[in-house]
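Throughout, read-outs are computed from the coordinates displayed, never taken from laboratory work. Because the structure is predicted, anything quoted here is derived from the model rather than measured. Don't worry about glycine lacking a Cβ; one is built from the backbone with ideal geometry, like all the others, and counts go over all protein chains shown.
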Amino acid sequence: MEGVIVLVDGQPLDPRYDLKKISENGFEWTYEGPEPAQLALAILAHHLKDDQKALQLYDGFMRAVVANLDNEWEMTGEDIDGAIADISVSR
């Protein structure tokens, strides 16, 4: 296996190392750690189109969502918005 690739609308998700390089090993999920954090940041940056907000929210999103994903998963924009709302309420 050449590593994990996450697709958004059929295209590989940019890890957004330009914002913050959390992981040397790309993406992962099902646990809390640097690879799930990199995925959380990438998902939020892509979805929100707001780098600063993605940087503020990625850790909570990783813990609440990415760490709890199954091996195979799909996520919609509505799923992401719902998770962001839940994270914001719990703060």
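So here's what we get for this one:
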read-out	value
Tally, over region 1-52, of residues that are part of a helix (DSSP H, G or I) and among the hydrophobic types (A, V, I, L, M, F, W, C)	9
Count - residues of region 1-57 that are basic (Lys, Arg) and surrounded by 18 or more Cβ atoms within 10 Å (Cβ to Cβ)	1
Unique match (being in contact with a Ser or Thr (Cβ under 9 Å, 6 or more places away or on another chain) and within 23 Å of Ala85 (Cβ to Cβ)) among Ala37, Ala42, Ala54	Ala37
Filter result (surrounded by fewer than 22 Cβ atoms within 10 Å (Cβ to Cβ) and among the hydrophobic types (A, V, I, L, M, F, W, C)) within region 58-73	Ala64, Ala67, Leu69, Trp73
Qualifying residue in region 51-60 (condition: farther than 22 Å from Val89 by Cβ and either in contact with a Leu (Cβ under 9 Å, 6 or more places away or on another chain) or not small (Gly, Ala, Ser) (or both))	yes
Test: Tyr58 is in a loop (DSSP other than H, G, I, E, B) and touching a residue at least 12 places away in the same chain (Cβ under 8 Å)	no
